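Structure below; questions to follow.
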Amino acid sequence: MSTATVRWQVTTDHPEPVLHVDMDAFYASVEQRDDPALRGKPIVVGGAGGRGVVAAASYESRRFGVHSAMPMVRARRLCPDLVVVPHRFERYRSVSRQVMAILLDVTPAVEPLSLDEAFLDVSGAVRLFGSPPEIGEAIRTRVREELDLPCSVGVGPTKSIAKLLSGKAKPDGLAHWPAGEVVDRLRPLPVSDLWGAGPKTVERLTAFGFHTVGQLADADLPTLQRVVGDALGGQLHQLARGVDPRRVDPAEPARSISAEQTFAEDLDDPVELHRQVLKLAEKVGRRLRATEVAGRTITLKVRFASFETVSRSWTLPAPTDRTHDLVAVATELLDGLRLERVRVRLLGVGVSNLGEAEAARQLTLDAASDDEPTSQAIATALGDPRWERVERVADSVAERFRGIDVSYAALLDHREDPDEVAPRHEDRRDAERVSEEPDPPADPS
């Protein structure tokens, strides 16, 4: 396959035009590639502290029952020889861009789901590159030869079938079902194989006697909807019959960009909590500016030691991509909770109501709604244009001189917490549609 970008041409419909490309144990595979001493060893990527979790597990470690999102303490018990490698998110994002570039060489109809997986509609590429299975094999070959990484590809008539098959192709394989065989091949599979059937849904379905996809396909729709709800029941009924109207959509806009952190030990010091808000706001601000988007709604998420979680939001009269604005609002939201030494397990800062950064302008609170809280400190912070110039210079320095970071004085002595966790999956999925900079989630591949 040529490495040159090609023009996407619409052709007659192909019966199996959808590919799902999924990198195998992505973070762990990158670490093993970059450090040959790790190859063949059971490794995980994640935090090594008491609250560390597994972000990705190599296939060698999975033989011991280790998997992503598992507490690191349990992973070490299962595999005493486990090698824990600290995350290198910037490296994974860089490699992800290389993977996506290969996919875009095939077709512009690429819908990323995360750093390590994407859907492709190759109906417009078959005249250039051959059948969808041939295109899938060519993609696997390029990823292997150019990036020295394994990936698995599912080829099918719909997104749900392609995603199902990429999982069955792992590790480092390709699976293809002809359209005419999909319904019969689906029937004996367990209901857990259907996209959208999570553990709780599967538990409820099996409690009512639904164990196989064929049983769901044969079920009376109203009965199925009474078991799992109208929307999910209707969706599962269709998927069980091989019907999935969802199209590959590369243009779906992001809804939010966020960052959050779980602490190795609960925090109750107000000074330290303010510093953590500053750190998170700085990350989000840089991602907004790097991807040229700005947002109006700023959200603070707080999870207490009891696991109770609260969130507070503030919608500004105009969009912003300035870290200083995010800090001012998020700090005000934190102070408004009046925590009084309540132990905090997790903090998160997010921005939504996103649009192009050109729409961002110097903020004033004159247009704020009457029900929004306003303080003189916030109004002063948001109205100071000097911070925008300072942040742009800091971004330029960080971009030009790799490894040199210009940050707030309060963060100068701070080092990245190895137990930092990724944002929520829904934020990650949406953010990656416009951003190359969000924190990766646990690698499920």
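Do we find a residue being farther than 30 Å from W177 by Cβ, β-branched (V, I, T) and part of a helix (DSSP H, G or I) anywhere in the range 127-142?
At the first step, the residues of the range 127-142 found to be farther than 30 Å from W177 by Cβ are none.
Checked the range 127-142: no residue is farther than 30 Å from W177 by Cβ, β-branched (V, I, T) and part of a helix (DSSP H, G or I).
May I ask you to say which residue of L149, L104, L128 is in contact with a helix residue (DSSP H, G or I) (Cβ under 6 Å, 6 or more places away or on another chain) and in contact (Cβ under 8 Å) with a residue 12 or more places away in the chain?
The match here is L149.
When residues of the range 29-62 are filtered for being farther than 18 Å from P171 by Cα, in a loop (DSSP other than H, G, I, E, B) and not acidic (D, E), how many remain?
6
Look at the range 303-322 and say how many of its residues are of a type in the set (S, T, N, Q), under 16 Å from Q261 (Cβ atoms) and either buried (at least 21 other Cβ atoms within 10 Å of the Cβ) or touching a Gly at 6+ places or on another chain (Cβ under 9 Å) (or both).
Looking only at that region, the number is 1.
The rows are residues; the columns are (1) in a helix (DSSP H, G or I); (2) acidic (D, E); (3) touching an Asp or Glu at 6+ places or on another chain (Cβ under 8 Å).
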| position | (1), (2), (3) |
| --- | --- |
| S160 | yes, no, yes |
| L164 | yes, no, yes |
| P171 | no, no, yes |
| E181 | yes, yes, no |
| R185 | yes, no, no |
| G196 | no, no, no |
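Let me ask you something else. Confirm whether I257 is at pLDDT 90 or above and under 20 Å from the mean Cα position of the chain (by Cα). Step through it out loud before you land on a result.
Working: at pLDDT 90 or above: no; under 20 Å from the mean Cα position of the chain (by Cα): yes.
So I257 does not fit the description; no.
I need the full set of residues from the range 159-183 which are within 17 Å of P245 (Cα to Cα) and touching a strand residue (DSSP E or B) at 6+ places or on another chain (Cβ under 6 Å), in order please.
Result: K159, A162, K163.
Mind listing just one residue for me: the one in the range 199-235 that is among the acidic types (D, E) and either under 28 Å from the mean Cα position of the chain (by Cα) or assigned to a helix (DSSP H, G or I) (or both) and, of those, surrounded by the fewest Cβ atoms within 10 Å (Cβ to Cβ)?
E203
In the range 19-36, is there at least one residue being within 25 Å of the chain's Cα centre (by Cα), surrounded by fewer than 21 Cβ atoms within 10 Å (Cβ to Cβ), assigned by TED's automatic domain parsing to the domain that holds P108 and of a type in the set (A, V, I, L, M, F, W, C)?
No, the range 19-36 contains no residue that is within 25 Å of the chain's Cα centre (by Cα), surrounded by fewer than 21 Cβ atoms within 10 Å (Cβ to Cβ), assigned by TED's automatic domain parsing to the domain that holds P108 and of a type in the set (A, V, I, L, M, F, W, C).
Does the range 225-232 contain any residue that is assigned by TED's automatic domain parsing to the domain that holds N353 and of a type in the set (D, E)?
The answer is no, given that none of the residues of the range 225-232 is assigned by TED's automatic domain parsing to the domain that holds N353 and of a type in the set (D, E).
Consider the range 268-291. How many of its residues are touching a helix residue (DSSP H, G or I) at 6+ places or on another chain (Cβ under 7 Å) and either acidic (D, E) or not assigned by TED's automatic domain parsing to the domain that holds L354 (or both)?
Selection size over the range 268-291: 1.
Identify, from the list L334, L326, L300, L280, the residue that is closer than 24 Å to G46 by Cβ, modelled with pLDDT of 90 or more and surrounded by 20 or more Cβ atoms within 10 Å (Cβ to Cβ).
L280
The values are calculated or read from the model by the stated rules, or taken from the named source; none is laboratory data. Keep in mind it's a predicted model, so treat the numbers as computed, not measured. Neighbour counts are summed over all protein chains in view; Cβ atoms, including those assigned to glycine, are modelled from backbone coordinates with ideal geometry.
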